[in-house]
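This report refers to the structure that appears directly beneath it.
Read the figures in this text as sums done on the coordinates, not as results from a lab. Remember, predicted model here, so these are calculated numbers, not experimental data. For neighbour counting, all protein chains shown are included, and Cβ atoms are generated from backbone atoms with ideal geometry for every residue, glycine included.
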Amino acid sequence: MNFPELEDQLWFPSWMRRMQTEFIGWLVHRFGVYGPLAPVLADMLGRAGVGEVVDLGAGSGGPSMALARHRALETVSFVLTDLFPSPSETGTDRVRWFHEPVDALAAPTHLPGLRTMFNAFHHFEESDKQKLIAGAGKHGLFVAEILQPDVWCFLKIAFTTTVGQVLLAPLVRPFRWERLLFTWILPVNVLTVTWDGLASVLKVDAPRRMFERARLYAPEGCTTFSGMSGYVWAPVAWFCVLPAEVVNTGDQPLI
């Protein structure tokens, strides 16, 4: 389904995009949504024999920042990239921003490491999803989606982006006075974040469809893994495509 998200539009104000990605990044970090993915990502990196991650479509960097703090990934370095880079944190020794705009379909090839996408894959059209997976032959690709196309997820996002956003606005970090202004006084932020959140639910793939796409479009000679992680209230669907020649398969593939 084609439900355009406002944050993907060139005309969308950068300060509104920043507040939106900061809210989402803070929320998933505060509630530990990506925590269960840390050992999974560590396993994929181990299988690929690499210790670096290049995050595509990083937004404000919330997911990668949270994962980098996990013990299972304490030696992994992260480079965060986005078409509209808006870093909310300056980074650390192991997490740094690539400050130039980066199209996920044309990520710099000189940057070593497994390519990752956290809650960003659904932003792409079918043909671009195919290109992303088909291009995984050199560096590999790890994709995770925290949304599901069902009524329960729709209701969760509707509540979180409306009532939740109004209640949590003063707690979001980094703190911004304009967030309070455009959430409490002129609720433009509530409208835009709610639209994008619900649009995401309506167009995200069901896990089975996402896994089937990974198998279908993976380059010849690659190994594909997939699975569900996370909590009952916040399941995360993920898949990983790795060049077969570098994969230490260990157990049988998870797909």
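Brief remarks on what is shown
- Listed values for the range 219-233 are Karplus-derived 3J(HN,Hα) couplings in whole Hz (6.51 cos²θ - 1.76 cosθ + 1.60, θ = phi - 60°), namely x, 4, x, 9, 10, 10, 10, 7, x, 10, 10, x, 9, 4, 7, and x replaces Gly and Pro.
- Peptides ranked, highest mean first, by Cβ atoms within 10 Å: ranges 67-77, 14-24: 14-24, 67-77
- At 1.002 mPa s and 20 °C, Stokes diffusion of the chain via Kirkwood alpha-carbon radius, µm² per second: 116
- Residue-count net charge about LEU186 - beta-carbon cut-off 13 Å; Lys, Arg +1, Asp, Glu -1: 0
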